[in-house]
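Heads up, the thing below is written out as structure tokens.
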Amino acid sequence: MQVICLDLEGVLVPEIWIEFSKRTGITELSRTTRDEPDYDKLMNFRIGLLARHQLKLADIQNVIAGMGPMAGAKDFLDDLRSRYQVIILSDTFYEFAQPLMKQLAWPTLMCHQLEVDAEGFVRRHVLRQPDQKRHAVNALRRLNFQVIAAGDSYNDTGMLGAAHAGFFIHPPEAITKQFPQFPVTRSYAELKTAIDTAAERLRG
């Protein structure tokens, strides 16, 4: 049995924080895991900015409500789900993801949660598990699944390395230079071919 593990933001949907940065005009919020490998440091930085500008969870959710999947993402995902088991492994939060998951026909999602106070301000992020993507892939392997993974950022490299086969999809050049062991794809068609080829090879 084979399982495909995909990142969410930057792979199937736009980067939420970049879109929120554009809507608010707060350029510092455009930093993502493509820029900062330390996820805890990045989230603490973001939560500090939200507090400084008096922005609540609802403000972020209002932006997300107007977003949708990337062009071709749903068709790509539907095709994969018709032929493989697919799990979305993301460092987003359940409080963010629901509208986007609905548009993608509710794929299985493993991510994190936010702690929000009575006034609606985000106070801290609660990781389901540190380095959860890599741990999830390793758990699937222990269950005797063959795992193929794809992502675009620093925080995806753990799961790409843990998988039987791992691929980048349209990553920044700086990341590909640091992790040349992961083949790069630039479109859903290329990634689909790479996944199918790897799946066939793993089946032997």
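So what is the relative contact order for the chain, in percent, with contacts set as C-alpha pairs under 8 Å and at least six apart? Walk me through the intermediate numbers first.
Details: 314 pairs, mean separation 47.9, N = 204.
It comes to 23 percent, rounded to a whole number.
Counting each DSSP H run of 4 or more residues in the chain as -39500 (n - 2.57), what helix-only mean residue ellipticity at 222 nm follows after dividing by all residues, to the nearest 500 deg cm²/dmol?
Details: 9 runs with 92 residues, N = 204.
Calculated at 222 nm, the ellipticity per residue is -13500 deg cm²/dmol.
Mind checking which of LEU143, ALA97, ILE26 is farthest towards the positive end of the chain's charge dipole, using Cβ charges of +1 (Lys, Arg) and -1 (Asp, Glu) about the Cα centre?
Among LEU143, ALA97, ILE26, the one farthest towards the positive end of the dipole of the chain is LEU143.
If you count the DSSP beta bridges with both ends in the stretch 87-182, what percent of them are antiparallel, to the nearest 5? Walk me through the numbers on the way to the answer.
On the way: 4 of 12 bridges.
In the stretch 87-182, approximately 35 percent of DSSP beta bridges are antiparallel ones.
Among TYR188, TYR94, what is the fewest-to-most ranking by other Cβ atoms within 10 Å?
Values: TYR188 21, TYR94 15.
Lowest to highest Cβ neighbour count: TYR94, TYR188.
Antiparallel DSSP bridges in the chain: what percent, to the nearest 5? Walk me through the numbers before you get to the answer.
Details: 4 of 24 bridges.
Beta bridges within the chain, antiparallel portion: roughly 15 percent.
Compute, for the stretch 160-203, the length of the dipole vector about the Cα centre, with Cβ point charges of +1 (Lys, Arg) and -1 (Asp, Glu) only. Units Debye, rounded to 20. Walk me through the intermediate numbers first.
Numbers: 5 positive and 4 negative charges, 11 e Å.
Using Cβ point charges on Lys, Arg, Asp and Glu, the stretch 160-203 gives about 60 debye.
If the limit is 26 Å between Cα atoms, which of LYS56/LYS102; LYS56/LYS177; LYS41/LYS192; LYS41/LYS102 go over it? Please list the in-between numbers first.
Values: LYS56/LYS102 23 Å; LYS56/LYS177 37 Å; LYS41/LYS192 33 Å; LYS41/LYS102 30 Å.
Exceeds cut-off: LYS56/LYS177; LYS41/LYS192; LYS41/LYS102.
How far is it, in nm, from the label point at ARG124 to the one at ALA189 when both lie 7 Å from their Cα along the line to the Cβ?
For the pair ARG124/ALA189, the computed spacing is 4.9 nm.
Residues in the stretch 12-34 near a label at ARG52, defined as backbone nitrogen under 19 Å from the 7 Å Cα→Cβ point?
17-33
At 7 Å along the Cα-to-beta-carbon direction for both SER30 and ASN138, put a label point, then send me their distance in nm to one decimal.
About 3.6 nm, to one decimal.
Give, as a single signed number, the net charge of other residues whose beta carbon lies under 13 Å from the beta carbon of VAL116, with Lys and Arg counted +1 and Asp and Glu -1.
Values: positive: LYS56, ARG123, ARG124; negative: ASP59, GLU95, GLU115, ASP117, GLU119.
Cβ neighbours under 13 Å give a net charge of -2.
Counting other beta carbons within 10 Å of each residue's own, what order do TYR84, TYR154 fall into, fewest first?
Working: TYR84 17, TYR154 22.
Final ranking by Cβ density, sparse to dense: TYR84, TYR154.
Of [x] 14.3; [y] 13.4; [z] 11.0, which one was derived for mean projected area of the Cα convex hull in nm² from the structure shown?
For mean projected area of the Cα convex hull in nm², the calculated option is [z].
Provide the per-residue ³J(HN,Hα) series for the stretch 154-170, in order, calculated from phi with Karplus coefficients 6.51, -1.76, 1.60 and θ = phi - 60°, each as a whole number of Hz, with x at glycine and proline positions.
3, 6, 9, 5, x, 6, 5, x, 7, 6, 5, 8, x, 9, 8, 10, 5
Only counting other Cβ atoms within 10 Å, I'd like VAL122, VAL147, VAL116 sorted with the fewest neighbours first.
Numbers: VAL122 21, VAL147 24, VAL116 15.
In increasing order of surrounding Cβ atoms, one gets VAL116, VAL122, VAL147.
Output the 0 to 90 degree angle, nearest 10, between the alpha-carbon long axis of helix 73-83 and the longest principal axis computed from the alpha carbons of the chain.
The angle comes out near 40 degrees.
Computed from the coordinates by the stated procedures, all read-outs in this text should not be read as laboratory data. Quantities reported herein were computed from a predicted structural model and do not represent experimental measurements. Positions of Cβ are backbone-derived with ideal geometry, glycine not excepted, and every protein chain shown enters the neighbour counts.
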